[in-house]
1. Can you tell me the FRET efficiency between Arg19 and Asp99 if r is taken as the Cβ-Cβ distance and R0 is 35 Å, rounded to the nearest 0.05?
2. With viscosity set to 1.567 mPa s at 4 °C, what whole-number translational diffusion coefficient in µm²/s follows for the range 1-124 from Stokes-Einstein and a Kirkwood radius over Cα pairs?
3. Excluding residues on the same chain fewer than 8 positions from Lys32, give the aspartates and glutamates whose Cα lies under 19 Å from its Cα.
4. Report, ordered by chain and residue number, the aspartates and glutamates lying within cross-link reach of Lys120, taken as a straight Cα distance under 13 Å and ignoring same-chain residues fewer than 8 apart.
5. Could you state the number of Å between the C-alpha centres of the range 1-32 and the range 42-110?
6. Where in the range 17-33 does the label zone of Val81 land, with the point 7 angstrom along Cα→C-beta and an amide N cut-off under 17 Å?
7. What does the highest-first list of 108-114, 11-17, 47-53 look like by mean Cβ count within 10 Å?
8. Percent of Cα-Cα pairs per 5 Å bin, from 0 to the last occupied bin, for the range 90-138, please list those.
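We did not get these values from a lab; they are worked out from the coordinates using the rules stated. Computed from a predicted structure; not experimentally measured. FYI the Cβ positions are ideal-geometry reconstructions off the backbone, even for glycines, and counts take in every protein chain you see.
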Amino acid sequence: MSTVASRTFKSTPERDASRTWTVIVDLLTQGKTGDARTELLAVAGVAASVIADQAPKDAAITVTCDGPRTRIYCLYDDDAVEGSGANEDALGFDPLNGDWRVSLPCLADDLAWVQGALKKHSIRITARDLNEAVSNADEAATTKSQALVFDPKGFLGS
């Protein structure tokens, strides 16, 4: 079982859906520029649509990598304004370390177009029905890279 970190962001009306995605990208990239940030910002419109639909209210935006898993939720309406349930603190690890993936929860009615729009920009960022967990394919992609390989020669030689 992998370690899981969770963060909850204030969204509408405290900040609009587009700004919410930008703040989430800032958390994931730790404020650094680079390919990962460019890829995440390339899907900003689609991600903002998912956030505006309140899909990540109860179903997490899930980030998997070669390290701990990150689950991101959003607060809406009075909860967003009041903000006591928010936790937007920086993570103590790189959530995009190695072979990373982001799975966005999506309303079933919008799933086909959201998946199609995401494919135009990224193979790492996907969408799933908000009532489903992260797919086994996404889990296998990160679990494969986390397999422990014992090196007896290296171990005994130390």
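1. With a Förster radius of 35 Å, E is 0.75.
2. 89
3. Asp66, Glu88, Asp89, Asp94, Asp99
4. Glu39
5. Distance between centres, Cα-based: 6 Å.
6. Of the residues in the range 17-33, 17 have backbone N under 17 Å from the label point off Val81.
7. On the way: 108-114: 14.4, 11-17: 18.3, 47-53: 22.0.
The peptides rank, most packed first, as 47-53, 11-17, 108-114.
8. Calculated P(r), rounded to whole percents: 5, 20, 25, 24, 14, 9, 3, 0.
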